[in-house]
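Asks: Before I ask anything, here is the structure I am working with.
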Amino acid sequence: MREEVRVKIQQAAEPKYREFSARLLPDGTDLQGVRLPALRKMAGEIVKGGRWREYLEEYFQGRDCWFEEDLLAGFCIGRAKIPVEEQIEWIRRFRPRIQNWSVCDSFCVSLKAVPKNREEFWPLVLESLRIEEEFSVRMGAVLILDHYQTEEWADRALECLGGITHPGYYARMAAAWALAEFYLDFPGKTLPLLQSGEIPPEILRKTVQKIRESRRPSPEEKARLKEMLEVSP
């Protein structure tokens, strides 16, 4: 089945879009140039046709997968109507295949079952943050950003985000992105963490930069954040 899908991917490819996408992804990414809506539609057809498990098994057995194959596999996992326990196992299998920010972020946002089952998915989030692999940590942070940015979960989420110390650029940027978004929605909960001195300096600087780029904080608030950054160690 994988070969059938690869033919469909090639048929949907756009050379100009491939050139554009290649500039945003790490050098050497093997991509064909298929837009995300087309891949989501393709995943929906595979899942609706009932052969998604067959496709995923062939995908996991395969090597040298295209960028689009990674995305498509992730979308199939996200779309499948299955028990939470089974979906978590598929996510665990897929997690090591995530090797760039685009697959990570597109996959995380596709997991529509998470907001309905936050408690059940939370151990997976914690597990991902503990794994010493850059894109596993990014996945944990982006899952928090996409699906746990609520009043009820803010305290637990911020505790986890504040504990991210991975040296990888993409892990740190995800932490900063998430912290900035939590600050915009829950400044009273987030500011003490930013002032605590526990956030790695690079993550703190990027967090404050992202907050100050938003139109939501007042000029005075942005100035206070800049001052806080200047006096931080």
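The values are calculated or read from the model by the stated rules, or taken from the named source; none is laboratory data. From a predicted model like this one, the values you see are computed outputs, not experimental measurements. Here Cβ is always computed from backbone atoms with ideal geometry, including for glycine, and neighbour counts include all displayed protein chains. Surface areas here come from the heavy atoms of the whole protein model, side chains and all, with no ligands, DNA or RNA. Shrake-Rupley method; radii C 1.70, N 1.55, O 1.52, S 1.80 Å.
Asks: For the condition within 13 Å of residue 8 (Cβ to Cβ), modelled with pLDDT of 95 or more and more than 22 Å from the chain's Cα centre (by Cα), what is the one hit in 54, 45, 68, 58?
Replies: None of the others qualify; the one that does is 45.
Asks: Report, by residue number, each residue of the stretch 48-57 that is part of a helix (DSSP H, G or I), open to solvent by 30 Å² or more (accessible area, probe 1.4 Å) and farther than 16 Å from residue 96 by Cα.
Replies: Selection gives 48, 53, 54.
Asks: Working carefully through the options 225, 204, 229, find the one that is in a helix (DSSP H, G or I), open to solvent by 30 Å² or more (accessible area, probe 1.4 Å) and of a type in the set (A, V, I, L, M, F, W, C).
Replies: 229
Asks: Tell me the residue from 202, 198, 227, 181 that is acidic (Asp, Glu) and farther than 20 Å from residue 141 by Cα, please.
Replies: Answer to the check: 227.
Asks: Let me ask something additional. If I filter the stretch 73-98 down to residues being of a type in the set (D, E, K, R) and in a helix (DSSP H, G or I), which single residue comes out as surrounded by the fewest Cβ atoms within 10 Å (Cβ to Cβ)?
Replies: Once the filter is applied, the top-ranked residue is 85.
Asks: Another question, if that's okay. Can you tell me how many residues in the stretch 27-45 are open to solvent by less than 50 Å² (accessible area, probe 1.4 Å) and either assigned to a loop (DSSP other than H, G, I, E, B) or touching a residue at least 40 places away in the same chain (Cβ under 8 Å) (or both)?
Replies: Final tally of qualifying residues: 6.
Asks: Looking only at the stretch 17-35, how many residues end up being closer than 15 Å to residue 65 by Cα and among the small types (Gly, Ala, Ser)?
Replies: Summing the residues that are closer than 15 Å to residue 65 by Cα and among the small types (Gly, Ala, Ser) in the stretch 17-35 gives 2.
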